[in-house]
Amino acid sequence: MLIDVHVHTFPDDLAARALKKLVEKTGNFIAPAGDGTNAGLLDAMRRDGIDYAVVCPIATKPAQFDGILTEALAIRDGARGAAAALHLVPFASVHPEDAARFAHLARVAESGLRGIKLHPYYQGCVLDAPPLLEYFRCCRDLDLTVQCHCGFDIGFPFEPVCGPERVARVMREVPGLRFIAAHLGGWRQWGGAAEHLLGKDVYLDTAVLLPHFGDGDARRILREHPADRLLFATDWPWLGFGEGMRFVRSAGLTPGQEKAILGLNAAQLLGITAPAPW
Ligand SMILES: [Zn+2]
């Protein structure tokens, strides 16, 4: 079973423009591996035999909550097609400054979605500040998984808002929170991730870009973090599934560890009980 815990899609009429803007924001450092639409995502998943992908929307303003929740439920309930309903695991997004954030988190949980995406750069928050710790306690108590961008963001000047040290503090302050620290615990902050997160009880997703496959610290985390706390991810469309699997398999782990990372851990975390073959 193959599960990617971190992909992004955009509405069909906006996807091309959104991808172009994001690529420009990085000074053309990144090149998408797909077109960023749900259909493009499903095509790529079918080609590479990916059973499930967690779709991660980001509310950049509090008012986007309803639209994002509605779209997530449309995907889950079949309004975006049978393949999307079968293979996509949509998360919701609740802006940390939403005045109704606790009620909205409760609505996400009541709707049956499994988690939320958080992105401190796009949402103007600091990961371990008191308001966020309250937010995370609410997620934990509602049994929502948090999938969170960690480390640098390639589209922004560096701000130390969501690095590995802050992730470690969140895990200390909110024990029992199901937290996925994206990009091996901190994109381009892998030395810090090795220092603060390696071996800890925190899920790290494996999404890194091609130029960083050889980064020594990133590779060390992939090899040495507990294999039951690593989750396959690509950040599609920013990396293809084949490349992402190649990165995981390059670590020289046992076949059992690879299987856990590529899908079984995520299945357990998200309550997925059966593969969804194409
Ligand atoms: Zn992402």
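The values are calculated or read from the model by the stated rules, or taken from the named source; none is laboratory data. This is a predicted model, so every value here is computed, not measured. Neighbour counts run over all protein chains shown; Cβ positions are idealised from the backbone, glycine included.
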Pick out the one residue from Ser111, Ser93 that is within 18 Å of the chain's Cα centre (by Cα) and of a type in the set (Gly, Ala, Ser).
Ser93
Which residue, of Lys200, Lys259, is closer than 22 Å to Met45 by Cβ and surrounded by fewer than 20 Cβ atoms within 10 Å (Cβ to Cβ)?
Lys259
With the structure loaded, tell me whether Gly49 is surrounded by fewer than 16 Cβ atoms within 10 Å (Cβ to Cβ), away from the ligand (no atom under 16 Å from the Cβ) and over 25 Å from Lys259 (Cα atoms) or whether it fails that test.
no
Let me spell it out: the conditions are (1) away from the ligand (no atom under 16 Å from the Cβ); (2) more than 16 Å from Val7 (Cα to Cα); (3) at pLDDT 95 or above; (4) not polar (S, T, N, Q), and Pro277 meets all of them except one. Which number is the exception?
(3)
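Outside any helix (DSSP H, G or I), within 16 Å of the ligand (Cβ to nearest atom) and over 22 Å from Gly36 (Cα atoms): which single residue out of Leu239, Leu198, Leu253, Leu204 fits that description?
Answer to the check: Leu204.
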Touching a residue at least 40 places away in the same chain (Cβ under 8 Å) and away from the ligand (no atom under 15 Å from the Cβ): is that true of Leu231 in this structure?
no
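Among the residues of the range 125-158 satisfying the criterion of being touching a His at 6+ places or on another chain (Cβ under 9 Å) and free of Cβ contacts under 8 Å to residues at least 60 places away in the same chain, which is farthest from the ligand (Cβ to nearest atom)?
Cys125
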Can you give me the number of residues within the range 51-65 that are of a type in the set (A, V, I, L, M, F, W, C) and either assigned to a loop (DSSP other than H, G, I, E, B) or closer than 12 Å to Gly115 by Cα (or both)?
5
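Out of Arg114, Arg107, Arg101, Arg166, report the one residue that is under 12 Å from Phe179 (Cβ atoms), away from the ligand (no atom under 15 Å from the Cβ) and modelled with pLDDT of 95 or more.
Details: Arg114 fails: under 12 Å from Phe179 (Cβ atoms); Arg107 fails: under 12 Å from Phe179 (Cβ atoms); Arg101 fails: under 12 Å from Phe179 (Cβ atoms).
Being under 12 Å from Phe179 (Cβ atoms), away from the ligand (no atom under 15 Å from the Cβ) and modelled with pLDDT of 95 or more holds for just one of Arg114, Arg107, Arg101, Arg166, which is Arg166.
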Taking the conditions exactly as written (buried (at least 24 other Cβ atoms within 10 Å of the Cβ) and either over 16 Å from Cys150 (Cβ atoms) or out of contact with any Ser or Thr (no Cβ under 6 Å at 6 or more places or on another chain) (or both)), does Ala218 satisfy them or not?
yes
For residues in the range 106-150 being surrounded by fewer than 21 Cβ atoms within 10 Å (Cβ to Cβ) and small (Gly, Ala, Ser), which is farthest from Ala92 (Cα to Cα)?
Ala129
Taking the range 12-46 as the region of interest, how many residues are in contact (Cβ under 8 Å) with a residue 40 or more places away in the chain and away from the ligand (no atom under 15 Å from the Cβ)?
7
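Select, from Gly163, Gly151, Gly155, Gly124, the only residue that is out of contact with any Asp or Glu (no Cβ under 8 Å at 6 or more places or on another chain) and on the phi > 0 side of the Ramachandran plot.
Of the residues listed, the single one that is out of contact with any Asp or Glu (no Cβ under 8 Å at 6 or more places or on another chain) and on the phi > 0 side of the Ramachandran plot is Gly151.
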Pairs needed: first member in the range 81-93, within 19 Å of Thr273 (Cβ to Cβ); second member anywhere, of a type in the set (Asp, Glu); C-beta distance under 8 Å; at least 6 residues apart or different chains.
Ala85/Asp77; His87/Asp51; Pro90/Glu71
